[in-house]
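Comments concern the structure below.
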There are 2 protein chains.
Amino acid sequence: MNTTKPRAAQAALPLNQILAGDCIEVMNSLPEGSVDLIFADPPYNLQLRGDLHRPDNSKVDAVDDHWDQFSSFASYDKFTHEWLAAARRILKPNGAIWVIGSYHNVFRMGAELQNQGFWILNDVVWRKSNPMPNFRGKRLTNAHETLIWASKNEGAKYTFNYEALKSLNEGVQMRSDWVIPICNGGERLKDENGDKAHPTQKPEALLHRVIVGTTNPGDVILDPFFGTGTTGAVAKMLGREFIGIEREEAYREVAKKRIAKIRKFDKEALEVSTSKRAEPRIPFGQLVERGMLRPGEELYSINGRNKAKVRADGTLIANDVKGSIHQVGAHLEGAPSCNGWTYWHFKREGKQVPIDLLRQQIRAELH
Amino acid sequence: MNTTKPRAAQAALPLNQILAGDCIEVMNSLPEGSVDLIFADPPYNLQLRGDLHRPDNSKVDAVDDHWDQFSSFASYDKFTHEWLAAARRILKPNGAIWVIGSYHNVFRMGAELQNQGFWILNDVVWRKSNPMPNFRGKRLTNAHETLIWASKNEGAKYTFNYEALKSLNEGVQMRSDWVIPICNGGERLKDENGDKAHPTQKPEALLHRVIVGTTNPGDVILDPFFGTGTTGAVAKMLGREFIGIEREEAYREVAKKRIAKIRKFDKEALEVSTSKRAEPRIPFGQLVERGMLRPGEELYSINGRNKAKVRADGTLIANDVKGSIHQVGAHLEGAPSCNGWTYWHFKREGKQVPIDLLRQQIRAELH
DNA sequence: CTCTTACATGAATCAAGGA
DNA sequence: TTCCTTGATTCATGTAAGA
């Protein structure tokens, strides 16, 4: 995956800073192809009509800030087109983007992502464990938001830490629906009056999963709608670099103080489970060269139905078939492919042992 | 809500029939403003590249039917524009529409709905309890599909049976995420060869919730992509009228036979019973993501003999052993297994607290 | 008959690296 | 660039087969 970074480009980047100004202008001032991941939580274009009151008559503090007002779908689409194009330009070829939204804006963002050539990898549902109820009982409780994860192009080698996410999910594949509480309690930032500092502060747990799953330590993560800096805070904890862009000075101030207090986790804690794919490749022939298996020795298939003989060049022979451990296994099984490492076993002290164990021994020596 | 029906218009409608032909043409032949609800499950425009095999080498039976092939986003958008416009015309002023899709097409459908003046009421996530895994470990398990519920216009008096859905949900408001298994077992229709009759048959439970929640008995429900007729079958059970449109004769035949066998529920049978769900599984990783435990923090064994450090992906590390809370505990104790939830403790205010307490906190939030 | 084990399968944009 | 080789990868159900 894309762990190497063009150091020259990174040196010019304003890392771990919060840049003031309009995100489109600021992104256009940054070097092309320089960012590993973009996380974007743009204005939702909520079309609220009038105030909303709870059954006890208290007023719901709605998102009615001026930055969330768009006069029409056309103006929202123009805005979306422009910031996504700016984001796309600064993304590395193997970089990726996450956007988050609700039904008010996410369909327009998703369509524009596709129109610009981004390649959707998953849509992810943030299922809120404690959503605000629908007080009037006129619709379903709006209990989720939608994230879209996309690579810059079809076929790009995006970063995906499969094993780390699997570990986060108690050993089974991470699914596209994530149950995470909304941000409140001690995590929710308040201003000097005790009011919430930002109306749509995202939970750190959400960013934790995004960053652990789709970046590597040292990667550069840019958030063009930084707000009170959840992306920066979690990036810092997890040993990633961040760039924030935020128009409102009040939010920048809150974010700056917040991030200054964050400590990076120690190195050991940041290591995550990796897949076998990341391990160095060991040719089967090495097992023969090293004398772990002798030429002429017989190997037995995992199902006990087949056997084959090891040859001095690290190929196998069974009946009339010669070839690699994978080729011979696939042929004998009549399968399109076969992982010879787990298919073939040798005998030691009467027991059958997979040859993969010998490969693991060699890899252990390399560490 | 709109329980009164213009009887004259309905008399002209081909009720409880499956109409053959292209759905756009057929809808254009129906009278304007005559349908209460449209449920549409259009082609998803999956852009599949090569074959996919499971780890056991069996081939995945992909959706590669001709009706799901579009040459470009532009041609898919044209198709979407036309069928939605035709659907809009035949909808009553207080009618509503449901569409279902995946990330391949749902963003384009959602944007087009908004462009045509439909008013989105909710987006609903169908969370599959048993989705197909991601066999190559390259992305998240695609474990959901998205539905959009929209009225014909802003301010329309759509039908919403709040209390019925609330009782379907054990007395609390129905949320926008619905957990429903995929359609298989006895419900899945097979052809004479035992193969599935339609590649994308939807579960009746999904339609049941849609129809109970957003129509009244006697309402007319039209499905322009009828397939094997799940919409018609559930509509008939629930005492609603249906109109199906389907291009493929084979599907029409299967649907016709299926619906003929359905009997309308009597009133008593319409009373729904819900079963208690098992306790939700909480992965240990959630405690880390939510900041209840910090990566790098130390955990202590219940007997005080061992300790381990928490990592960012929700695994533990002790000496050289890495793994889940259960694996590391079992290894340290030399035991075949270990319940990590009760074995490991963290320190708060000098006291040792079992990590299971944190799990209980999360479960309490979910209730 | 029950209980256990094996097998089948579902709307899927599902590989990486060296020659 | 293409071609070829290596080799990594699955969860929940329902049904059939076997004991």
Counting only residues in region B:137-146 that are part of a strand (DSSP E or B) and at the interface with chain A (Cβ under 8 Å from one of its Cβ atoms), the one nearest to DNA strand D (Cβ to nearest atom) is identified as B:Thr141
For the structure I just gave you, tell me whether B:Gln116 is of a type outside the set (Asp, Glu) and over 21 Å from the mean Cα position of the chain (by Cα).
yes
Filtering region A:121-136 down to residues that are among the hydrophobic types (A, V, I, L, M, F, W, C) and over 17 Å from A:Asp41 (Cα atoms), which residue is nearest to DNA strand D (Cβ to nearest atom)?
A:Leu121
Report those strands (runs of 3 or more DSSP E) wholly inside region A:293-367 carrying at least 3 residues which are free of Cβ contacts under 8 Å to residues at least 60 places away in the same chain and surrounded by fewer than 18 Cβ atoms within 10 Å (Cβ to Cβ).
A:321-323, A:351-354
Filtering region A:296-327 down to residues that are touching a helix residue (DSSP H, G or I) at 6+ places or on another chain (Cβ under 6 Å) and at pLDDT below 90 yields A:Ile302
Identify, from the list A:Arg252, A:Arg209, A:Arg240, the residue that is more than 27 Å from A:Gln173 (Cα to Cα) and of a type in the set (Lys, Arg).
A:Arg252
Pairs please, first residue from region B:127-148 and free of Cβ contacts under 8 Å to residues at least 24 places away in the same chain, second anywhere and within 9 Å of DNA strand D (Cβ to nearest atom) and of a type in the set (D, E, K, R), Cβ atoms under 6 Å, 6+ apart in sequence or on different chains.
B:Thr141/A:Arg175; B:Ala143/A:Arg175; B:Ala143/B:Lys128
Enumeration of residues in region B:328-358 that are under 18 Å from A:Leu168 (Cα atoms) and modelled with pLDDT of 90 or more
B:Val328, B:Gly329, B:Gly340, B:Trp341, B:Trp344, B:Ile355, B:Asp356, B:Leu358
Looking at A:Gly314, A:Gly285, A:Gly329, A:Gly340, which one is touching a His at 6+ places or on another chain (Cβ under 9 Å) and within 16 Å of DNA strand C (Cβ to nearest atom)?
A:Gly340
When region A:273-292 is examined, which residues are found to be in a helix (DSSP H, G or I), at pLDDT below 90 and not hydrophobic (A, V, I, L, M, F, W, C)?
A:Lys276, A:Arg277
Qualifying positions in region B:48-95 - within 16 Å of DNA strand D (Cβ to nearest atom) and either in contact (Cβ under 8 Å) with a residue 60 or more places away in the chain or away from every other protein chain (no Cβ under 13 Å) (or both)
B:Leu52, B:His53, B:Arg54, B:Pro55, B:Val60, B:Asp61, B:Ala62
Mind counting the residues in region B:147-159 that are at the interface with chain A (Cβ under 9 Å from one of its Cβ atoms) and either within 16 Å of DNA strand C (Cβ to nearest atom) or touching a Gly at 6+ places or on another chain (Cβ under 7 Å) (or both)?
1
Only one of B:Asp77, B:Asp51, B:Asp56, B:Asp61 is more than 22 Å from the chain's Cα centre (by Cα), within 21 Å of B:Glu145 (Cβ to Cβ), surrounded by fewer than 22 Cβ atoms within 10 Å (Cβ to Cβ) and not β-branched (Val, Ile, Thr); which?
B:Asp77
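Please go through region B:149-162 and pick out each residue that is over 8 Å from B:Trp119 (Cβ atoms), touching a residue at least 40 places away in the same chain (Cβ under 8 Å) and surrounded by fewer than 18 Cβ atoms within 10 Å (Cβ to Cβ).
In the first step, residues of region B:149-162 are kept if they are over 8 Å from B:Trp119 (Cβ atoms); the result is B:149, B:157-162.
With touching a residue at least 40 places away in the same chain (Cβ under 8 Å) added as a condition, the list becomes B:149, B:157-161.
Matches in region B:149-162: B:Lys157, B:Asn161.
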Could you count how many residues in region A:163-182 are more than 10 Å from DNA strand C (Cβ to nearest atom) and either hydroxyl-bearing (Ser, Thr, Tyr) or touching a residue at least 24 places away in the same chain (Cβ under 8 Å) (or both)?
13
A:Ile262 meets each of (1) touching a residue at least 60 places away in the same chain (Cβ under 8 Å); (2) under 17 Å from A:Lys202 (Cα atoms) with one exception, condition (1)
Test each condition in (1) over 16 Å from the mean Cα position of the chain (by Cα); (2) surrounded by fewer than 19 Cβ atoms within 10 Å (Cβ to Cβ); (3) not polar (S, T, N, Q) for B:Glu241 and report the one that comes out false.
(2)
So, in region A:251-272, exactly how many residues are outside any helix (DSSP H, G or I), at pLDDT 95 or above and of a type outside the set (Lys, Arg)?
1
Out of B:Leu222, B:Leu189, B:Leu206, report the one residue that is under 18 Å from B:Val99 (Cα atoms), within 16 Å of DNA strand D (Cβ to nearest atom) and surrounded by 19 or more Cβ atoms within 10 Å (Cβ to Cβ).
B:Leu206
Selected residue (only one of A:Arg252, A:Arg240, A:Arg281 is in contact with a strand residue (DSSP E or B) (Cβ under 7 Å, 6 or more places away or on another chain), among the basic types (Lys, Arg) and within 28 Å of A:Asn161 (Cβ to Cβ)):
A:Arg240
What tally of residues in region B:103-136 results from selecting those that are surrounded by fewer than 22 Cβ atoms within 10 Å (Cβ to Cβ), facing chain A (nearest Cβ under 8 Å) and within 7 Å of DNA strand C (Cβ to nearest atom)?
4
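The values are calculated or read from the model by the stated rules, or taken from the named source; none is laboratory data. Here the structure is a predicted model, which means the values were calculated and not measured. Every residue, glycine as well, gets a Cβ built from its backbone with ideal geometry; the counts of neighbours run over all protein chains shown.
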